[in-house]
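Below is one structure, written out as structure tokens; comments come after it.
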There are 2 protein chains.
Amino acid sequence: MVNPVLVEVIRGNVVESRHRGSYAVVDKTGEVIALTGDITTPIYPRSAMKALQALPLVESGAADHFSLSQAEIALACSSHNGEQGHVDGARSILAKAGGDEVELACGSQWPRDIRPLVLAGEEPGDIYNNCSGKHSGMLAYAHHMGFAAENYWKIDHPVQQEMIKTISEMCDYDLASADWCFDGCSLPNWTIPLQNLALGFSRFASGETLSNERKGAAEKIIEAVRAHPFMVAGSKRFCTRLMETVPRAFVKTGAEGVFCACIPHAGIGIAVKCDDGAHRAAEIAVAAVLANLDVWNVDEHEKLKALAVEKIANRRNIETGEIRACF
Amino acid sequence: MVNPVLVEVIRGNVVESRHRGSYAVVDKTGEVIALTGDITTPIYPRSAMKALQALPLVESGAADHFSLSQAEIALACSSHNGEQGHVDGARSILAKAGGDEVELACGSQWPRDIRPLVLAGEEPGDIYNNCSGKHSGMLAYAHHMGFAAENYWKIDHPVQQEMIKTISEMCDYDLASADWCFDGCSLPNWTIPLQNLALGFSRFASGETLSNERKGAAEKIIEAVRAHPFMVAGSKRFCTRLMETVPRAFVKTGAEGVFCACIPHAGIGIAVKCDDGAHRAAEIAVAAVLANLDVWNVDEHEKLKALAVEKIANRRNIETGEIRACF
């Protein structure tokens with residue numbers, strides 16, 4: 001089965017490049033209400049599932065116990081730019097939880113804009129890693145539960161075993177027997193079919209089938225992200241821009257062309273994967289999937305349609321084409 | 001027609017992403033001796049055709065007249081990193097030709113490593129643009145021919161009209177009636193079928209059907225690039241690495257997943273396009289196409305096979321998978 005073309009890259013009058021992929025949309029009853037392509041073969045969700053990985057932090061009471069702010073909870077779901085607000089947030093989560101920056105196992109990374117560090121003569125570090133918010137959140141959860149911080153990133157550590165349990169329940173899919181591999185930040189990442197990922201995010205949005213504790217945790221995370229879309233990505237980033245533009249949508253990017261999304265007011269969950277792993281295509285595709293759903297007011301609908309097209313200009317700002325959804 | 005998968009991205013035991021595409025290999029008789037996928041629909045060659053665009057500079061006698069060095073001729077075919085050697089080379093070409101940096105119309109760009117400029121408190125500029133070598137070469141050609149430097153990048157300027165003539169002849173394809181658009185550096189880029197691009201590079205390699213002047217120019221360009229692979233791309237870049245490793249191969253990357261290549265000792269030309277525009281896939285694919293040809297000694301063959309696989313490690317240097325050709 002060959003997945004259809006989701007996104008085209010236009011230059012002049014010619015389609016220069018094409019991105020194939022698939023997506024699943026699941027409603028609050030758990031039914032697939034829209035799809036294209038293969039939604040049953042397991043794929044790595046990568047960072048697109050971070051909101052699900054933040055559930056234990058909130059559901060366990062750790063976030064309340066350590067008085068994490070909404071901005072800090074949003075950061076726990078983030079793939080951030082390493083801007084000052086993100087770095088400060090990760091340090092604050094660790095400090096509140098009695099943890100320490102040296103516990104981070106995400107690996108050293110330059111922030112997206114390297115200039116401040118270069119000018120200060122500083123080196124990159126784990127705190128600038130785009131995943132440091134998620135890692136800080138997991139460490140806070142470990143400290144709250146009395147687990148050793150050491151090896152929190154290994155698959156047999158109780159933190160990761162709780163991830164397996166929570167995500168398996170959310171997605172109705174047994175992660176314990178799924179293929180998995182270390183992610184870019186060294187945490188385990190399990191393969192899940194798109195339809196199960198979309199199911200997980202529909203439950204995340206609607207609370208359907210969830211315990212009161214988990215439903216409350218999901219609501220808190222959604223409220224936190226809605227209040228602080230900057231913390232989930234950062235300046236000029238697509239996730240931040242989309243959620244600032246259409247606050248009733250929740251979207252989260254993952255490496256290799258994955259996007260998860262949900263629409264809390266409609267109880268809908270969405271998962272997108274571009275076959276070739278292209279970010280640029282996954283962004284356009286998730287905006288188009290959202291725009292095509294009949295759950296928006298006119299203003300939101302127009303804004304989502306606008307986000308499903310990106311103009312391309314060259315180095316002298318001459319417009320040469322656009323990236324656009326073709327479904 | 002759906003092009004086949006050329007390159008797979010592996011994570012753990014799973015194929016995480018797939019890149020489709022096509023390629024054509026043409027021998028010195030002009031015959032297609034290997035292909036996969038669609039090689040007849042015109043595609044934008046982007047920077048992969050820069051070696052053909054350097055022909056007028058040498059064929060006209062401009063390179064000799066201005067005593068351009070081999071390194072400078074190689075730079076005229078480059079998509080460079082904006083390292084010191086590249087910037088110095090572009091400035092030298094312009095100075096020798098009586099031109100000036102302000103004539104450059106490629107647009108401002110940061111060098112690949114922005115740190116030296118940031119630390120010096122300097123701004124990016126056209127000279128750092130990855131295409132400044134090609135632009136400097138075209139300006140040198142314009143000065144030699146007595147053309148106005150102004151508007152050298154516009155399609156009706158005699159410099160670009162000479163590009164149309166030369167490339168049309170090389171590729172046996174009429175660019176004057178082809179779709180075209182401005183490239184990232186504002187020069188016209190014309191769509192050409194892969195089989196014609198491969199034909200152009202087979203003639204570039206073999207000299208077959210070319211005038212003595214053009215054959216000599218192609219030989220000079222190939223010698224220049226072979227002597228200075230650093231000037232064609234730069235530190236850690238695939239083109240430079242491949243040609244340093246296997247000096248009997250000539251390869252040149254272009255944006256949106258294009259590669260052109262030739263094998264001068266065998267008179268073979270190659271053109272590759274990844275459907276989705278991915279660099280990482282085009283690099284692996286061109287190495288695999290080269291490796292699959294029966295024109296190498298054992299050492300070269302092993303080195304090319306090694307270049308057709310790239311290990312992926314994460315931010316803590318844990319190996320997570322690889323990018324590999326699957327043909």
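The values are calculated or read from the model by the stated rules, or taken from the named source; none is laboratory data. Worth saying up front: this structure is predicted, and the values here are computed from it rather than measured. Neighbour counts run over all protein chains shown; Cβ positions are idealised from the backbone, glycine included. To get the accessible areas, we keep the full protein, side chains included, count just its heavy atoms, and leave off ligands, DNA and RNA. Shrake-Rupley method; radii C 1.70, N 1.55, O 1.52, S 1.80 Å.
The table below lists the values:
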read-out	value
Segment A:298-323, subset within 14 Å of chain B (Cβ to nearest Cβ) and open to solvent by 80 Å² or more (accessible area, probe 1.4 Å), residue nearest to A:R18 (Cα to Cα)	A:K311
Cross-chain or 6+ apart pairs with Cβ under 7 Å, segment A:13-28 first and within 14 Å of chain B (Cβ to nearest Cβ) and farther than 27 Å from B:I192 by Cα, then of a type in the set (S, T, Y) and open to solvent by 10 Å² or more (accessible area, probe 1.4 Å)	A:S22/A:T36
Out of B:H265, B:H301, sole residue that is without any contact (Cβ under 8 Å) to a residue 12 or more places away in the chain and over 27 Å from B:L187 (Cα atoms)	B:H301
Matching entry among A:A249, A:A282, A:A288 (being closer than 30 Å to B:N129 by Cβ, open to solvent by less than 10 Å² (accessible area, probe 1.4 Å) and touching a Cys at 6+ places or on another chain (Cβ under 9 Å))	A:A282
Qualifying residues in segment B:117-143 (those that are in a helix (DSSP H, G or I) and of a type in the set (D, E, K, R)) - the one most open to solvent (accessible area, probe 1.4 Å)	B:D126
Complete set of residues in segment A:168-196 that are assigned to a helix (DSSP H, G or I), in contact with a Lys or Arg (Cβ under 9 Å, 6 or more places away or on another chain) and either open to solvent by less than 50 Å² (accessible area, probe 1.4 Å) or within 14 Å of chain B (Cβ to nearest Cβ) (or both)	A:M170, A:C171, A:L175, A:L194
Residue in segment B:270-277 that is closer than 21 Å to B:A74 by Cα, out of contact with any Cys (no Cβ under 6 Å at 6 or more places or on another chain) and not acidic (D, E) present	yes
Pair list, Cβ < 9 Å and 6+ apart or interchain, from segment A:107-119 residues that are more than 10 Å from chain B (Cβ to nearest Cβ) to residues that are of a type in the set (K, R)	A:R112/A:K236; A:R112/A:R237
Selection status of B:S202, of a type in the set (S, T, N, Q), in a loop (DSSP other than H, G, I, E, B) and open to solvent by less than 10 Å² (accessible area, probe 1.4 Å)	no
Per-region count, segment B:144-163, residues away from chain A (no Cβ under 14 Å) and crowded, with 19+ Cβ neighbours inside 10 Å	7
Qualifying positions in segment A:305-327 - without any contact (Cβ under 8 Å) to a residue 60 or more places away in the chain and within 23 Å of the chain's Cα centre (by Cα)	A:K305, A:A306, A:A308, A:V309, A:E310
Residue match in segment B:210-219 (condition: in contact (Cβ under 8 Å) with a residue 60 or more places away in the chain, crowded, with 19+ Cβ neighbours inside 10 Å and not in a helix (DSSP H, G or I))	no
Candidates B:D113, B:D100, filtered to the one that is surrounded by fewer than 17 Cβ atoms within 10 Å (Cβ to Cβ) and closer than 22 Å to B:F230 by Cα	B:D113
Residue check, B:T245 in contact with a Leu (Cβ under 9 Å, 6 or more places away or on another chain) and away from every other protein chain (no Cβ under 14 Å)	yes
